[in-house]
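Trainee: Take a look at this one; I'll ask things after.
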Amino acid sequence: MSAALKIDEFNLLDDGECDARIVAAKNILGKRLAILGHHYQRNEVFKHADFTGDSLKLSQLAATTDAEFIIFCGVHFMAEVADIVTDGKRTVILPDLAAGCSMADMANLVKVKKCWEEISQILDPDEKVTPVTYINSAADLKAFCGNHGGIVCTSSNARGVLEWSFSRREKVLFFPDQHLGRNTGVRMGIPLEQMVTWDFMKPRGGLTDDEIRNAKMILWKGFCSVHQMFQASHINNFRKQFPEGKVISHPENNYEVVQMSDVVGSTETILRTVRASAPGTHWLVGTELNLVNRLADEVKSKNITVQFMSPTVCMCSTMFRTDPQHLAWVLDNLVAGNVVNRIRVPSEIAKPARAALNLMLEVVD
Ligand code: 13P
Ligand code: SF4
């Protein structure tokens with residue numbers, strides 16, 4: 001082991017030089033290394049991933065890999081999940097520690113505990129409410145769910161997780177994404193009036209006692225800053241231009257966009273559906289730009305057209321933080337025997353968080 005290499009030196013390298021270093025380091029580390037890449041990663045990073053997927057697939061891959069080092073090209077909560085499901089037995093690395101998720105940051109333990117406490121002034125939440133956290137959340141919120149009979153979900157298994165939750169308790173507190181919660185609830189036949197929004201900036205979520213008492217789902221007022229860009233008007237314009245066209249969107253989109261879409265699903269579902277569509281299909285896709293551009297390139301030879309839903313460029317700026325420079329930096333450090341940017345969840349948080357995550361992995365496939 002030598003002194004850790006500094007990121008500053010790598011920031012001066014161009015992408016080509018980084019590519020060469022990444023390939024060389026991967027060759028040296030061989031099976032000791034697994035690079036996981038989320039679909040929102042930019043091409044320059046995505047092409048180096050050994051495995052790609054949505055949040056669920058990547059957490060399953062992390063749980064089953066034998067690799068000693070997992071480099072997670074994604075965002076912070078994903079790397080935390082990898083550390084939790086591997087019980088700290090793997091070294092999980094996030095190339096840029098600033099790669100967070102603005103939606104995940106909209107809920108924190110203090111505010112969720114306060115919400116639980118405020119609900120307990122009206123009913124006993126540990127008897128009547130299952131806390132469900134979207135995987136896009138900090139580890140301590142997953143631990144909160146583990147400690148209160150709750151569970152984690154992703155965008156691809158939210159329905160199964162909610163069915164499990166309602167089979168145990170009559171209500172669900174869903175955080176941090178109101179849209180995934182509402183869109184899934186609607187698909188299950190829960191009336192909109194029975195889904196109330198908890199405004200975490202207001203006392204008692206801005207709700208009356210009756211609203212809390214009568215609600216089936218209490219939805220945290222969080223959202224994704226990328227998906228909020230997609231609007232019903234974009235779909236209307238598309239349908240006027242291409243009446244035969246199809247619309248596919250992620251369930252983090254707002255209620256109207258989801259209602260107007262032909263297909264709704266996780267990033268993995270979006271890719272699978274578009275790839276399997278008939279030649280000549282014209283798609284409007286409501287999810288992050290890097291995925292959409294890559295998919296458009298991939299399927300154009302099959303005469304499938306893919307169009308981004310928003311007229312303005314919007315990508316996930318935190319996913320974008322992982323660049324070839326950071327990837328080369330963490331890899332060259334590993335080759336030199338140095339671990340930089342390891343993500344480690346303290347055991348008192350990891351244990352209950354693991355319980356809630358394992359429940360998700362067992363309950364829904
Ligand atoms: P997926 O689990 O569908 O990949 O979604 C992750 C995400 O952050 C979407 O914004
Ligand atoms: Fe978070 Fe939205 Fe980025 Fe997904 S796209 S990681 S939810 S900010």
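The values are calculated or read from the model by the stated rules, or taken from the named source; none is laboratory data. The shown structure was predicted, so the numbers you read here are calculated from the model rather than taken from an experiment. Neighbour counts run over all protein chains shown; Cβ positions are idealised from the backbone, glycine included. Note: areas computed on protein heavy atoms with side chains; ligands, DNA, RNA excluded. Shrake-Rupley method; radii C 1.70, N 1.55, O 1.52, S 1.80 Å.
Trainee: Only one of 93, 119 is assigned by TED's automatic domain parsing to the domain that holds residue 58, over 16 Å from the mean Cα position of the chain (by Cα) and of a type in the set (Val, Ile, Thr); which?
Mentor: None of the others qualify; the one that does is 93.
Trainee: Condition first: farther than 30 Å from residue 92 by Cβ and within 15 Å of ligand 1 (Cβ to nearest atom). Can you find one or more residues in region 269-281 that meet it? Walk me through it before giving the result.
Mentor: First pass over region 269-281, keeping only residues farther than 30 Å from residue 92 by Cβ: 273-274, 276-281.
Now narrow it down to the ones that are within 15 Å of ligand 1 (Cβ to nearest atom): 273-274.
Scanning region 269-281, I find at least one residue that is farther than 30 Å from residue 92 by Cβ and within 15 Å of ligand 1 (Cβ to nearest atom), so the answer is yes.
Trainee: Considering 249, 225, which residue is surrounded by 20 or more Cβ atoms within 10 Å (Cβ to Cβ) and within 16 Å of ligand 2 (Cβ to nearest atom)?
Mentor: Criteria check complete, one pass: 249.
Trainee: Within region 99-121, can you find the residues that are within 16 Å of ligand 1 (Cβ to nearest atom) and assigned to a loop (DSSP other than H, G, I, E, B)?
Mentor: 99, 100, 101, 102, 103, 107
Trainee: Where in region 122-232 are there strands (runs of 3 or more DSSP E), lying fully within it, with 1 or more residues that are more than 30 Å from residue 316 (Cβ to Cβ)? Give the steps one after another, and end with the answer.
Mentor: On the way: elements: 129-134, 151-153, 171-175, 195-198, 217-220.
Output list reads 129-134, 171-175.
Trainee: Here are some conditions: (1) within 19 Å of residue 43 (Cα to Cα); (2) under 22 Å from the mean Cα position of the chain (by Cα). Residue 300 meets all but one. Which one does it not meet?
Mentor: (2)
Trainee: Filter region 153-179 down to residues that are touching a helix residue (DSSP H, G or I) at 6+ places or on another chain (Cβ under 6 Å) and within 16 Å of residue 198 (Cβ to Cβ), then give me how many there are.
Mentor: The number of residues fulfilling the criteria is 4.
Trainee: Then there's this: State the number of residues belonging to region 313-345 that are under 24 Å from the mean Cα position of the chain (by Cα), open to solvent by 60 Å² or more (accessible area, probe 1.4 Å) and away from ligand 2 (no atom under 16 Å from the Cβ).
Mentor: 2
Trainee: In addition: Could you look through region 95-108, keep only residues that are open to solvent by 20 Å² or more (accessible area, probe 1.4 Å) and farther than 25 Å from residue 325 by Cβ, and pick out the one that is nearest to ligand 2 (Cβ to nearest atom)?
Mentor: 106
Trainee: May I ask you to list the residues in region 138-157 that are out of contact with any Gly (no Cβ under 8 Å at 6 or more places or on another chain) and over 15 Å from residue 355 (Cβ atoms)?
Mentor: Residues satisfying the conditions are 138, 154, 157.
Trainee: Moving to a separate point now. Looking at 13, 36, 5, 29, which one is within 16 Å of ligand 1 (Cβ to nearest atom) and surrounded by 14 or more Cβ atoms within 10 Å (Cβ to Cβ)?
Mentor: Of 13, 36, 5, 29, the one residue that is within 16 Å of ligand 1 (Cβ to nearest atom) and surrounded by 14 or more Cβ atoms within 10 Å (Cβ to Cβ) is 36.
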